[in-house]
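The values are calculated or read from the model by the stated rules, or taken from the named source; none is laboratory data. Note that the structure is predicted; figures quoted are calculated from it, not measured. A quick note on method: Cβ atoms are made from the backbone with ideal geometry, for glycine too, and the neighbour counts reach across all protein chains shown.
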Amino acid sequence: MTKVYRDFWGRKKIHALTNLNLTIERGEIFGLLGPNGSGKTTTVKLLLGLLFPTSGKSWLLGYPSSDLKVKNKVGFLPEESYLYKFLNAEEILDFYGKLFDISKKERKERIDRLIQEVGLAPHRRRPLSQYSKGMLRRIGLAQAIINDPELVILDEPTSGLDPIGCREIKDMILEFKRQGKTVVLCSHLLAEVQNVCDRIAIFNKGTLQVVGGVKELLSQKDVVEFLVRNLSDADIHAVEAFIKDKSGDVLSISHPSSTLEEIFVKIIQNHS
């Protein structure tokens, strides 16, 4: 897909996304990374049908992304949740449950479970106008999955949360995967993405730069480390042949990992 924003006279102004070709597998947690203006949000909006591509097509769960049939199977948490602040947690979830035509009994069961899962049980009847930013992210996440979607798209889901809240949201994302859901995660917290994603894509200036498994991308292929036991301190500095001569046990020979932050910065700098 390609997306070009034009000015008032129809002239090409900004290439927000250029020739994106990407496949996300069912049941995986996929991370979209990139600096501001790199094309992540544009990609998400194109998939959701909030924008139309200048060229190209996209599909969700086997349907064209513009097909209304797929909308009931998708949950979305935007970076900024615009919720009715005069409603409380129960009322806002009930409102969105009605939009999905969920029965009254099923809505009540889901609302009770979701409020408990996102940690808002003590505040379920407080109006959202009294919620902190972190609490609004929690109720926004509950709203995003009220329809029990097959595909969950999360844009900065831990924004405004304390470390405990971040851990709870991460555990929920991993639970989505255990339930067989597909999760697309946009985040600036690289450590968060590194800990939960199966694969990632890094964007820069509207172009997909890298896509691959997290472990694969972090592995330093030109460096080898030895994990050894049953050797004295003096033997640790010996080469592998010497270790074998000393009857040492080589537990593993592997490639040490970098961090996602280092890989991210390197890729962006190389394409700037």
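What is the residue count in segment 245-267 for residues that are surrounded by 13 or more Cβ atoms within 10 Å (Cβ to Cβ), modelled with pLDDT of 70 or more and touching a Lys or Arg at 6+ places or on another chain (Cβ under 9 Å)?
3
State yes or no: is ALA89 touching a Phe, Trp or Tyr at 6+ places or on another chain (Cβ under 7 Å), small (Gly, Ala, Ser) and either in the same structural domain as SER132 (by TED's automatic domain parsing) or over 20 Å from GLY140 (Cβ atoms) (or both)? Let's see the steps before the verdict.
Details: touching a Phe, Trp or Tyr at 6+ places or on another chain (Cβ under 7 Å): no; small (Gly, Ala, Ser): yes; either in the same structural domain as SER132 (by TED's automatic domain parsing) or over 20 Å from GLY140 (Cβ atoms) (or both): yes.
No.
Within segment 67-104, take every residue that is of a type in the set (Asp, Glu) and part of a loop (DSSP other than H, G, I, E, B) and give me the one that is nearest to LYS133 (Cα to Cα).
Start the filter on segment 67-104 by keeping residues that are of a type in the set (Asp, Glu), which leaves 67, 79-80, 90-91, 94, 101.
From what is left, the residues that are part of a loop (DSSP other than H, G, I, E, B) are 67, 79-80, 101.
Numbers: ASP67: 33, GLU79: 12, GLU80: 10, ASP101: 29 Å.
Filtering segment 67-104 for residues that are of a type in the set (Asp, Glu) and part of a loop (DSSP other than H, G, I, E, B), the one nearest to LYS133 (Cα to Cα) comes out as GLU80.
Enumerate the pairs (first residue in segment 80-94 and more than 21 Å from SER159 (Cβ to Cβ); second residue anywhere and crowded, with 16+ Cβ neighbours inside 10 Å and of a type in the set (Lys, Arg)) with beta-carbon separation below 6 Å, excluding pairs fewer than 6 apart on the same chain, so at least 6 apart or on different chains.
Listed pairs, sorted by first residue: GLU90/ARG124; ASP94/ARG107.
Working carefully through the options ARG110, ARG137, find the one that is basic (Lys, Arg), assigned by TED's automatic domain parsing to the domain that holds SER65 and at pLDDT 90 or above. So that I can check it myself, show each step before the final result.
Values: ARG137 fails: at pLDDT 90 or above.
Step by step, each of ARG110, ARG137 is checked, and only ARG110 is basic (Lys, Arg), assigned by TED's automatic domain parsing to the domain that holds SER65 and at pLDDT 90 or above.
Among the listed residues LEU51, LEU20, LEU47, LEU32, identify the single one that is crowded, with 16+ Cβ neighbours inside 10 Å, in contact (Cβ under 8 Å) with a residue 60 or more places away in the chain and in a loop (DSSP other than H, G, I, E, B). If you could, list the steps in order and put the result at the bottom.
On the way: LEU51 fails: in contact (Cβ under 8 Å) with a residue 60 or more places away in the chain; LEU47 fails: in a loop (DSSP other than H, G, I, E, B); LEU32 fails: in a loop (DSSP other than H, G, I, E, B).
Going through LEU51, LEU20, LEU47, LEU32 in turn, the sole match is LEU20.
Only residues that are more than 18 Å from LYS181 (Cβ to Cβ) and in contact with a helix residue (DSSP H, G or I) (Cβ under 6 Å, 6 or more places away or on another chain): list them for segment 132-148, please.
GLY134, ILE139
Looking only at segment 156-168, which residues are touching a residue at least 40 places away in the same chain (Cβ under 8 Å) and either in a helix (DSSP H, G or I) or more than 11 Å from the chain's Cα centre (by Cα) (or both)?
SER159, GLY165, GLU168
I need the full set of residues from segment 95-147 which are buried (at least 17 other Cβ atoms within 10 Å of the Cβ) and among the hydroxyl-bearing types (Ser, Thr, Tyr), in order please.
Answer for segment 95-147, where residues must be buried (at least 17 other Cβ atoms within 10 Å of the Cβ) and among the hydroxyl-bearing types (Ser, Thr, Tyr): TYR96, TYR131.
Of all residues in segment 5-17, count the ones that are surrounded by 15 or more Cβ atoms within 10 Å (Cβ to Cβ) and among the small types (Gly, Ala, Ser).
Counting residues in segment 5-17 that are surrounded by 15 or more Cβ atoms within 10 Å (Cβ to Cβ) and among the small types (Gly, Ala, Ser) gives 1.
Check off (1) within 22 Å of LEU190 (Cβ to Cβ); (2) of a type in the set (Gly, Ala, Ser); (3) at pLDDT 90 or above for GLY165 and give me the number that stays unchecked.
Failing condition for GLY165: (3).
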